[in-house]
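Q: Supplied in structure tokens, the structure appears directly below.
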Amino acid sequence: MPIHSTHRSHKPGGFTLIELLVVIAIIAILAAILFPVFAQAREQARKTSCLSNVKQLNLGCLMYIQDYDETIPLLSGSNPNGTGVVTWQDTVQPYIKNYAICFCPDNAAGGTLIAGIPTSTHTYLDYATNYGIMGTIQYGLAISGGTSPTGTWLTRQIAWLQNFCPPNIQYDGIAGSEDLGGYFSGVPVNAPSSALASAARPAEYVFVAEAGNFDMWSGVLGFAPQGIGYCGSWVNGTGGSINEGFVGANPIHSGGTGTNPCDITNADGTRGFTKGIANVSFLDGHAKGMRGPALLALTPDRTHLNYYTLSQ
């Protein structure tokens, strides 16, 4: 009987060119689907972290207010000789014990050294932080040397803002300043804060919010009584802008443009105000994210900004 060999030789296996191209195409498709999802998840995490910061800063302020007979923390202070410089973030540090929460991971400008502020007298941390409180009109007028026919702030008359609210709408800031040495603005300022009891609707008054400056640009720009509708920026030692922001709450998240949300080149003429979300907190302590235009809602009589009025 003939003997048949059961051994067969096999060629080494491998991918054909077509199979390799198919695998690469599948990987590319999966990457295109998943990478934006991962980016959105990271952005949501940053936004949540910043919302937590706003909430904690607000609670620190409310504890200070409770301990000091319902006194709103001053935006800033200094002695007549320019020493002893503080902002509200310094004032509430005994309750917070953490300067890191003054910075939002979605805003890369936080903590950048500002030209003209002598680091030998004070740390720069307070001046490039990412959260602010609205200053009173008295604070703004003291810096600008202006007057207000209504005794309040007024929205600016400019085309992009009129997409969202009329000009000369009244609104109120709440925090004053005793910058007696003129450290921040170059002129001495002695303007008291408003009383906590002056807020008719604490649950609807925006208190601590994401902003381009510790006073939400409501004084250092020097445009009082007009405020909301302007954009402000710090500049570095070479004259370059390092962050920009709207006067008031700054919508930098979920579509906003980070360190430059106030984009004057925006094609639709709205300066990017519709793009993002701002994390804001209210005088009763709660916090949430709000779209830019929502923050400019009017009171029923259409005379005040709903979220920035103390009297109505």
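Q: Among the residues of the stretch 244-257, what is the count of those that are at pLDDT below 85 and either surrounded by fewer than 18 Cβ atoms within 10 Å (Cβ to Cβ) or out of contact with any Pro (no Cβ under 9 Å at 6 or more places or on another chain) (or both)? Break it down into steps so the answer makes sense when it comes.
A: Start the filter on the stretch 244-257 by keeping residues that are at pLDDT below 85, which leaves 244-245, 252-257.
So of that shortlist, the ones also either surrounded by fewer than 18 Cβ atoms within 10 Å (Cβ to Cβ) or out of contact with any Pro (no Cβ under 9 Å at 6 or more places or on another chain) (or both) come out as 253-257.
Going through the stretch 244-257 one residue at a time, the tally reaches 5.
Q: Which of the following residues is in a helix (DSSP H, G or I), surrounded by 18 or more Cβ atoms within 10 Å (Cβ to Cβ), modelled with pLDDT of 90 or more and within 18 Å of the chain's Cα centre (by Cα): 55, 47?
A: Unique residue meeting the criteria: 55.
Q: Now a separate question. Residue check, residue 193 against (1) surrounded by fewer than 22 Cβ atoms within 10 Å (Cβ to Cβ); (2) over 18 Å from residue 271 (Cβ atoms), all met but one. Which one?
A: (1)
Q: Across the stretch 212-229, which residue is surrounded by the fewest Cβ atoms within 10 Å (Cβ to Cβ) among those that are aromatic (Phe, Trp, Tyr) and more than 8 Å from residue 246 (Cβ to Cβ)?
A: If we take residues in the stretch 212-229 being aromatic (Phe, Trp, Tyr) and more than 8 Å from residue 246 (Cβ to Cβ), then 223 is surrounded by the fewest Cβ atoms within 10 Å (Cβ to Cβ).
Q: To continue, here is another question. Going through the stretch 157-178 one residue at a time, which ones are in contact with a Pro (Cβ under 7 Å, 6 or more places away or on another chain), crowded, with 18+ Cβ neighbours inside 10 Å and assigned to a loop (DSSP other than H, G, I, E, B)?
A: 164, 176
Q: Just wondering, is there one or more residues in the stretch 119-135 that are under 30 Å from residue 312 (Cα atoms), at pLDDT 80 or above and either surrounded by fewer than 23 Cβ atoms within 10 Å (Cβ to Cβ) or among the charged types (D, E, K, R) (or both)? Steps first, answer last, please.
A: Start the filter on the stretch 119-135 by keeping residues that are under 30 Å from residue 312 (Cα atoms), which leaves 130-135.
Narrowing further to those that are at pLDDT 80 or above: 130-135.
Narrowing further to those that are either surrounded by fewer than 23 Cβ atoms within 10 Å (Cβ to Cβ) or among the charged types (D, E, K, R) (or both): none.
No - not one qualifying residue is present in the stretch 119-135.
Q: On the given criteria, is residue 218 at pLDDT 90 or above and closer than 29 Å to residue 59 by Cβ?
A: no
Q: Right, here's the next one. Within the set of pairs 6 or more residues apart or between chains, which connect a residue that is on the phi > 0 side of the Ramachandran plot inside the stretch 206-225 to a residue that is surrounded by fewer than 24 Cβ atoms within 10 Å (Cβ to Cβ) and part of a loop (DSSP other than H, G, I, E, B) with Cβ atoms less than 8 Å apart?
A: Going by the 8 Å Cβ cut-off, the qualifying pairs are 222/185.
Q: Okay, next question. For the stretch 258-312, which residues satisfy the criterion of being among the small types (Gly, Ala, Ser) and modelled with pLDDT of 85 or more?
A: 278, 281, 285, 287, 289, 292, 294, 297, 311
Q: How many of the residues in the stretch 224-243 are at pLDDT below 85 and either over 24 Å from residue 50 (Cα atoms) or touching a Pro at 6+ places or on another chain (Cβ under 7 Å) (or both)?
A: The number of residues fulfilling the criteria is 5.
Q: Does the stretch 125-136 include one or more residues that are assigned to a loop (DSSP other than H, G, I, E, B), under 18 Å from residue 302 (Cα atoms) and not basic (Lys, Arg)? If you could, list the steps in order and put the result at the bottom.
A: Restricting attention to the stretch 125-136, the residues satisfying the condition of being assigned to a loop (DSSP other than H, G, I, E, B) are 128-130, 134, 136.
Checking the rest, the ones that are also under 18 Å from residue 302 (Cα atoms) come to none.
Scanning the stretch 125-136 turns up no residue that is assigned to a loop (DSSP other than H, G, I, E, B), under 18 Å from residue 302 (Cα atoms) and not basic (Lys, Arg).
Q: Turning to a different aspect of this structure: Being at pLDDT 90 or above and among the hydrophobic types (A, V, I, L, M, F, W, C) is the filter here, so list the residues in the stretch 200-215 that pass it.
A: 200, 203, 206, 207, 208, 209
Q: For the stretch 91-101, give me each residue that is out of contact with any helix residue (DSSP H, G or I) (no Cβ under 6 Å at 6 or more places or on another chain) and surrounded by 14 or more Cβ atoms within 10 Å (Cβ to Cβ).
A: 91, 93
Q: Still on this structure, please answer the following. Among the residues of the stretch 64-87, which ones are under 17 Å from residue 195 (Cα atoms) and loosely packed, with under 14 Cβ neighbours inside 10 Å? I'd like the intermediate steps shown before the answer.
A: If we filter the stretch 64-87 for residues that are under 17 Å from residue 195 (Cα atoms), which is where we start, we get 64-76.
Hits for the stretch 64-87 are 66, 67, 68, 69, 70.
The values are calculated or read from the model by the stated rules, or taken from the named source; none is laboratory data. Predicted model only: the values in this text are computed from it and were never measured. Using ideal geometry, Cβ is built from the backbone for each residue, glycine included, and neighbour counts are taken over all protein chains shown.
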